[in-house]
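Report on one structure; see the data block that follows.
Please treat every number below as a calculation from the coordinates, not as lab data. In this text, all values refer to a predicted model and were calculated from it rather than measured experimentally. Reconstructed Cβ throughout: ideal geometry from the backbone, glycine too, with neighbour counts over all protein chains shown.
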Amino acid sequence: MNTLDPSTLTSPRAYAAAVLAEASLDRRQWLMERCPAEWRAQVEEHVKSAFPKVAAYRRHKAGREEQAREKPPAAQRRDATPKPRHVTRSAPEVGNAAIAKLRAAIGKGAA
């Protein structure tokens, strides 16, 4: 829907949406002048009730854009380099002996 053409606006709600979508005051006033007289009070009511929400949303979007432009803080430098962990691998015989002890403890023999 083209918000610049008042002939496409077929309801008071559509006029209010078009007025709220306009960024410039001149264009909003121009649309309000083109609004049919019998709808004007209802359109003004819609605009007055919705404008704080639209303004808050625009502030929110501007804040998010500002945050996106900012560089994230640099990571802190560590004085000490991390030491690699020494992982020992067990021999299969050690693991098998431990399993045999556990089986003996619960009463199962060698299966």
Number of positions in the stretch 36-54 that are of a type outside the set (Ser, Thr, Tyr) and closer than 12 Å to ARG13 by Cβ: 7
In the stretch 16-50, the residues that are touching a residue at least 24 places away in the same chain (Cβ under 8 Å) and of a type in the set (Lys, Arg): ARG34
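Quick grid of which residues meet (1) of a type outside the set (S, T, N, Q); (2) exposed (fewer than 10 other Cβ atoms within 10 Å of the Cβ); (3) under 26 Å from the mean Cα position of the chain (by Cα):
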site: ASP26; (1), (2), (3): yes, yes, no
site: LEU31; (1), (2), (3): yes, no, no
site: ARG34; (1), (2), (3): yes, no, no
site: LYS53; (1), (2), (3): yes, no, yes
site: ARG58; (1), (2), (3): yes, no, yes
site: LYS61; (1), (2), (3): yes, no, yes
site: GLU66; (1), (2), (3): yes, yes, yes
site: HIS86; (1), (2), (3): yes, yes, no
site: ARG103; (1), (2), (3): yes, no, no
